[in-house]
Amino acid sequence: MNSVWYAMSAPERTVKGEIRAQVHVQADSPWFDGHFPDFPVVPAIAQVSMIVDMVARASGSSLYLKSASRIKFKQLVTPNTVLTLQAKAGTEQSQYLYRIRAGTEEVSSGTIFLANKDAENVMQADKNATTIRVAEIIINELKLEDVSADTFDPDLDLVDEVGIDSMDLATIALVIRDEFGIRIDEDDYPKLTTLRIIANYIDEKKSEV
Amino acid sequence: MTTKVQVAGTGSCKFSDILASPAIRDRWEKVRQYFFLRESTYDMTNRCNIRCDGCYYFNGEKHLAAEECDPLAWQTLMVEEKKRGITFAVLAGAEPSLVPELCRVCFETIPLGAIATNGLRPIPRDIDYRIHVSVWGNDAASLLVRRAPSMLQRQLEIYHDDARAIFIYTFTPHNIEQAAEVTRILAAKGQRISFNMFSAPVGYTGPLRHDAASLKATADMMAKLLAEYPDTVLYSPYSIIVHTHAMGLHDLFSCPYPRQNASTAVGLGRSFRQYRTDLGWDRAAACCVPDTDCADCRHYAAGSAVVTARMYRHADHPQTFAAWLDYVDTYLAVWVRHYEKGANLSSSGNHLPVQEDA
Ligand code: SF4
Ligand code: SF4
């Protein structure tokens, strides 16, 4: 997809690891050509495509839709509507939960599974240099065994699943502060509970500088 | 006057540079081995063999809870607590020595813990928890405030050869000078002492609440005793600063106990519970000293959690971090059996990572 079909703002990642973007579907988008000439609407599959596009842009990988489930379309989208797209990694590998809204109205939501065109494995492709380095720091500081930076699940919950507590998180935050030269607010580090959230946080902070 | 607390921890010094000092790194490696400690506290019985003025246990409604006296019920609770990740049990209100069989069940399931006692009844030796024996002044003062004669003498008879015991001296505005006499007696007997500050229960209007003059006099006395009896007094210069500051612990550090912290994400807000004698608990009231007035809270048990939890904001400068390490080293020596305190790293202790704006 490209901006001829719609205009998308640069995707942002929140501290909680959610990816967000805004989309404006122009009245002259080719999508409206074949869909109800008297009553143009954005086709349902196009909405899922936008989400795939947003996640791909956010992770810098070329992704495609492998499967979808529990998709609900609640409202038709007419030309010149501004949509808010949100997606968050689910608990399963390559899974994303998404939601699209027009203003406060929910347009659609559901669960999708993505795959990487090059590597087939989103989890691996998702790991940029930041993620790898953070994985190394966590493994080193927490003295974790049986895991390497390459095999570290970026969505593993460090508190719930690894059992670390606030003092360990504070330690990791201090090492990250040193290593990446960023300022971590005291209120923020308790929220940095997965590798993905930490890496996103670092990348956001670095882009602010 | 408005008071603003500014949080440091902005990374003016790299953490790795702070740890470049061998003394700091060694102490850091020593204390961080105890980051696994996760406490909860348990009221063991609603009875006490004495009645002290200003007792926080008999303030509020805690003492109205029914008593669960069945060791099996306590064992079931402790097994559940262990599953929940609790690794340190603090047995408190009112007087745990009255229910040794319940204390034993706790120890057998969660092997690390501490018991707060008035020290007038022995606690069986097989319950190998740290024991905090409370002292509120010399025996004349104890007779007045606690209505118990010869308290220190009786406590020393019971704990004379018991390595579990640490005497906890609670400073009120009226017993500051007596701390010298008590410390001298304890030093002569080879005992160890640490300090507590009287912290007013909610609604307390009596004479034990500290004021600016008594805080200053207490700080001076603590510093004198720490210098004179380094092998007897378990304390640090930084402990003195934070526990005798005009601002209470909550205003200085923002208390992370559930009572003052809505977040359940990590730390005390997630795991801490304060059980009543009926084995019920209430998140909204949960802290180690419930019914204490947060604005006046300088309690030693509170500080052990509140100051320790604020590592991040102390990791800004080697001296500030060294002061925090001294605090944590003290807290561990006071609370954990077989943990030995090292010499304090910071001599002045005046490294509070907060500033007050007038
Ligand atoms: S000994 Fe402790 S529990 Fe008993 S009345 Fe005194 S302060 Fe309260
Ligand atoms: S009394 Fe002290 S420990 Fe309890 S919530 Fe208030 S400040 Fe925290």
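The values are calculated or read from the model by the stated rules, or taken from the named source; none is laboratory data. All of these numbers come straight from a predicted model, not from anything done at the bench. Note: ideal-geometry Cβ built from the backbone for every residue, glycine included; neighbour counts use all protein chains shown. Accessible surface is based on the protein model in full, side chains and every heavy atom, while ligands, DNA and RNA are left aside. Shrake-Rupley method; radii C 1.70, N 1.55, O 1.52, S 1.80 Å.
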Under the 7 Å Cα-to-Cβ spin-label approximation, residue A:106 and residue A:44 lie apart by a distance in nanometres of 1.6
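At R0 = 22 Å, how high is the FRET efficiency between residue B:180 and residue B:231 if r is their beta carbon distance? Nearest 0.05 is fine.
Details: r = 16 Å, r/R0 = 0.73.
In this case the efficiency is close to 0.85.
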So, for the Cα atoms of region A:136-187, Rg and Dmax in Å stand at 11.4, 31
On the accessible surface of the protein assembly as shown, probed at 1.4 Å with all protein chains in place, carbon and sulfur together account for a percent value of 51
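Once you average over the residues of A:176-186, how many Cβ atoms of partner chains fall within 10 Å of each Cβ? Each step should come with its number before you reach the end.
Numbers: counts 1, 8, 9, 3, 0, 2, 1, 3, 4, 4, 8.
Rounded to a whole number, the mean comes out at 4.
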For the pair residue A:151 and residue B:73, the simple spin-label estimate (label points 7 Å beyond Cα toward Cβ) gives in nm 4.8
The answer for chain B, accessible area per residue at 1.4 Å probe in Å², is 39
In short, region B:263-283 residues buried by 30 Å² or more of accessible area relative to the isolated chain (1.4 Å probe) are B:266, B:267, B:270
Scalar couplings 3J(HN,Hα) for region A:40-54 by Karplus 6.51 cos²θ - 1.76 cosθ + 1.60 (θ = phi - 60°), nearest whole Hz, x for Gly and Pro, are x, 9, 6, x, 4, 5, 5, 5, 5, 4, 4, 5, 4, 4, 5
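At a Förster distance of 22 Å, what's the computed FRET efficiency of residue A:188 paired with residue B:285, Cβ-Cβ distance as r, to 0.05? Present the calculation step by step, with values, prior to reporting the outcome.
On the way: r = 28 Å, r/R0 = 1.28.
Computed FRET efficiency for residue A:188 and residue B:285: 0.20.
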In Å², rounded to a whole number, the accessible area per residue of region A:118-208 with probe 1.4 Å is 43
From highest to lowest solvent-accessible area (probe 1.4 Å; ligands, DNA and RNA excluded), A:113, A:73, B:167 read A:73, A:113, B:167
Label model pair residue B:140, residue A:28: point-to-point distance (7 angstrom along the Cα→beta-carbon line) in nm is 9.9
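Have a look at the DSSP beta bridges in region B:2-357 and tell me what percent are antiparallel, nearest 5. Before the final figure, lay out each step's value.
Working: 3 of 28 bridges.
That works out to approximately 10 percent antiparallel.
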At q = 0.07, 0.15 1/Å the base-10 log of I(q)/I(0) from the Debye formula over the alpha-carbon atoms of chain B is -0.27, -1.43
Each residue of B:313-326 has, on average, a number of other protein chain C-beta atoms within 10 Å of its C-beta equal to 1
In Å², rounded to a whole number, the accessible area per residue of region A:7-116 with probe 1.4 Å is 48
Rounded to the nearest Å, the spacing of the alpha-carbon centers of region B:258-288 and region B:299-355 is 23
With every protein chain in place, the accessible area of residue B:251 for a 1.4 Å probe, in Å² rounded to the nearest 10, comes to 80
Under a Gaussian network model of chain B whose springs join Cα atoms within less than 10 Å, the largest fluctuation of B:17, B:211, B:282 belongs to B:17
Taking a straight Cα-to-Cα line shorter than 27 Å from residue A:72, and setting aside same-chain lysines fewer than 8 residues away, one finds A:16, A:88, A:117
Percent of all Cα-Cα pairs per 10 Å bin for region B:139-246, counting from 0 up to the last occupied bin, reads 14, 46, 34, 7
Residues whose modelled amide H sits under 5 Å from the amide H of residue B:89, counting only those 5 or more places away in sequence or on another chain, are B:112, B:113, B:114
Cα extents of chain A along the principal axes, largest first, in whole Å, come to 63, 32, 26
Length gained if residue B:23 through residue B:84 is fully extended, taking 0.36 nm per residue and subtracting the Cα-Cα distance, is 18.4 nm
In whole angstrom, largest first, the equivalent ellipsoid semi-axes that the Cα gyration tensor gives for region B:306-353 are 19, 12, 7
Sorted list, accessible surface of protein heavy atoms, 1.4 Å probe, largest first, for B:147, B:164, B:25 is B:147, B:25, B:164
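Expressed in nm to one decimal, what extension gain is obtained for the pair residue A:136 and residue A:206 from 0.36 nm per residue of sequence separation less their Cα-Cα distance?
Working: separation 70, 0.36 × 70 = 25.20 nm, distance 1.90 nm.
That pair, residue A:136 and residue A:206, stretches by 23.3 nm at full extension.
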Of the convex hull drawn through the C-alpha atoms of the protein assembly as shown, the volume per residue in Å³ is 182
Given all pairs of distinct Cα atoms, region A:7-116 yields a Kirkwood Rh in Å of 14.1
The B/A contact buries a total accessible area, at probe radius 1.4 Å and rounded to the nearest 100 Å², of 2100
